[in-house]
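Inspection log for the structure reproduced underneath, given as structure tokens.
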Amino acid sequence: MDRLSWVNEDLLPGEKSCIQQRGVRLYDGENKTSFDSGTVRLTSHRIVWDDEDQQGRTLALAHALVQSLSESSATLTKSAKIIVHLHAPPSQRDPGPFVTSTYSYIRLSFKKGGQAEFYDRYRQETAKRLWEVPIEAESSGKPGHSQPRTSRMRAGIVGIERNIAEKKRQTDKQLSQAFQDLDALMDKAKEMVTLADRFASKLEEKKGSITEDETVAFKAYLLSIGIANPVTRETHGSGSAYHKELSKQLAQFLLKPLEECNGVMTLADVYCRFNRARGMELLAPDDVFNACKMFESLRLPIKLTKFESGVLVVQLASHSESAYIKETGRLVEERGSMTSEELARLANISIVLAKERLHLAEEKNVLCRDDSVEGLRFYPNLFLTMVSN
């Protein structure tokens, strides 16, 4: 919502109206706003929302700030919605209802229908990019007279939109070049891995003739370019012996990432991170799972745990279930209530883990839920507090 600005209902120079729909509510990301029911108008340059309650509130969102569009269908309890994903707000922008927002998207809720047609036209108008067409500035028609203030403001808005569009084109060009460079790098990746293995072997052979500091420095260089000596079936055989060595390497690799993620990660996240670090030597899901099952038998500092919902996670052995419950209850109590998305952002964990933590705290009667048409929120269990007092 921090990309929307207060406007009047006049059209900009070169702007054309396309379609409008009544009964539209505005959401700041997942949150309701006070802009409950209005008429939204689509033009060639922007969407304009006008309050139907005669409160004189009119907002606009420039197409230049739109990154992409998506939609969600109506259900028995929820209306159809258009989700507008947005670019970062410009450094200089006109005043609006929100100074900042934690969300990078807004939602338009069509309580009286019309979402499908509006969505199709919205996509068409943003694809045309008519706001980038140069427009001659309005003048008063009299020599020596400056432009009216409204015209100058419009020209300024058009200038900002053009700058945003130009930056987007430059970013797309840079991304395209980056992917070309990445493809070239991948072509050479196999050679780099072979070369790194050869260097590592030579390092072992020359262990007595070079200093310890030189050895550490050399290994640091290898790690800095993302290359390590992964455990493979070719180097460590197969079966239990292979999974045992793989388990040790995986545990060593996960210590730092787990500390950064509050001590717990889903098995899917572990699989993706570990394979990304291994480069070309990718592992099958079964190999990672079998390696994780050996953590406790090898007395490693991490362990594999399965929640009642069936979700598998890897966590530090020093982290206990009671500590998670206590911490989750404290966070919810500090903020009054919380959704799984809010807990995920606050605790720097995935939404899947946030849901598990909230459900676990609910099972232990630390939290209680409010499941409404607006979504699921968790609150401190005041009943438990009353009983304990």
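The table for this structure:
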item	result
Hey, residue 307 within 19 Å of residue 361 (Cα to Cα) and of a type in the set (Phe, Trp, Tyr) or not	yes
Pairs with Cβ under 8 Å, 6+ apart, first in the range 5-17 and assigned by TED's automatic domain parsing to the domain that holds residue 49, second outside any strand (DSSP E or B) and hydroxyl-bearing (Ser, Thr, Tyr)	10/150; 13/151; 14/44; 15/44; 16/44
Test: residue in the range 37-52 that is assigned to a loop (DSSP other than H, G, I, E, B) and either aromatic (Phe, Trp, Tyr) or not assigned by TED's automatic domain parsing to the domain that holds residue 112 (or both)	no
Whichever residue in the range 3-29 is in a strand (DSSP E or B) and in contact with a helix residue (DSSP H, G or I) (Cβ under 9 Å, 6 or more places away or on another chain) and, among such residues, is surrounded by the most Cβ atoms within 10 Å (Cβ to Cβ)	24
The range 1-55 - residue that is among the β-branched types (Val, Ile, Thr) and touching a Ser or Thr at 6+ places or on another chain (Cβ under 7 Å) and, of those, farthest from residue 78 (Cα to Cα)	7
The listed residue being closer than 16 Å to residue 119 by Cα and over 26 Å from the mean Cα position of the chain (by Cα), out of 63, 45	45
Filter pass, residue 98 being out of contact with any helix residue (DSSP H, G or I) (no Cβ under 9 Å at 6 or more places or on another chain), surrounded by fewer than 19 Cβ atoms within 10 Å (Cβ to Cβ) and aromatic (Phe, Trp, Tyr)	yes
So residue 377, is it basic (Lys, Arg), closer than 20 Å to residue 268 by Cα and in contact (Cβ under 8 Å) with a residue 12 or more places away in the chain	no
For residue 96: the one exception among (1) within 30 Å of residue 344 (Cα to Cα); (2) without any contact (Cβ under 8 Å) to a residue 60 or more places away in the chain; (3) not charged (D, E, K, R)	(2)
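Yes or no, residue by residue, for (1) free of Cβ contacts under 8 Å to residues at least 60 places away in the same chain; (2) closer than 19 Å to residue 98 by Cα; (3) buried (at least 16 other Cβ atoms within 10 Å of the Cβ):
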site: 1; (1), (2), (3): no, yes, yes
site: 37; (1), (2), (3): no, yes, no
site: 41; (1), (2), (3): yes, no, yes
site: 63; (1), (2), (3): no, yes, yes
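Conditions tested, residue by residue: (1) surrounded by 18 or more Cβ atoms within 10 Å (Cβ to Cβ); (2) without any contact (Cβ under 8 Å) to a residue 24 or more places away in the chain; (3) on the phi > 0 side of the Ramachandran plot; (4) in contact with an Asp or Glu (Cβ under 6 Å, 6 or more places away or on another chain).
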| residue | (1), (2), (3), (4) |
| --- | --- |
| 253 | no, no, no, no |
| 277 | no, no, no, no |
| 288 | yes, no, no, no |
| 298 | no, no, no, no |
| 301 | no, no, no, no |
| 313 | yes, no, no, no |
| 320 | no, yes, no, no |
| 324 | yes, no, no, no |
| 343 | yes, yes, no, no |
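The values are calculated or read from the model by the stated rules, or taken from the named source; none is laboratory data. Bear in mind that the values here come from a model prediction, so they are computed numbers and not experimental data. Reconstructed Cβ throughout: ideal geometry from the backbone, glycine too, with neighbour counts over all protein chains shown.
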